[in-house]
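Student: Got a structure here, written out as structure tokens. Questions coming.
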Amino acid sequence: MAKAIAVPSERSEPKGPQQPSQLVGTWDRWMGFLKDVRNEMRKVWTPTLKEVQNTTVVVIVTVFAFAAYFYVVDQVLGRIVQWLLHLLGSGGV
């Protein structure tokens, strides 16, 4: 079985105020992040009214179909349980 060992880092970071080079690195990372955000926002598109209407209809029809399916399954299972309870409660066959 392999055992994990902790290897200390070669250099510990100072706990005091940041050095100017670290601030420049932080600024560059923030600017890179903001450029990435801008590039991703350019890829975002808004659906047309017709697309929204079509997907809404699909969702509503699907909800009603699942509701009907679960109603039928609930009724069937409920009758089976009632039949079993009636059969077992009346003293058997």
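Student: Evaluate the following for Val24: is it outside any loop (DSSP other than H, G, I, E, B), surrounded by 10 or more Cβ atoms within 10 Å (Cβ to Cβ), among the β-branched types (Val, Ile, Thr) and modelled with pLDDT under 95?
Tutor: Here the answer is yes, as Val24 does meet what is asked.
Student: Right, something else. Restricting attention to the range 35-93, report how many residues are part of a helix (DSSP H, G or I), loosely packed, with under 10 Cβ neighbours inside 10 Å and among the polar types (S, T, N, Q).
Tutor: 1
Student: Residues Lys15, Lys50: which one is modelled with pLDDT under 95 and of a type in the set (Lys, Arg)?
Tutor: Every option except Lys15 fails the conditions.
The values are calculated or read from the model by the stated rules, or taken from the named source; none is laboratory data. Since we're looking at a predicted model, the values are computed, not measured. Please note: Cβ atoms are built from the backbone with ideal geometry, for glycine as well, and neighbour counts cover all protein chains shown.
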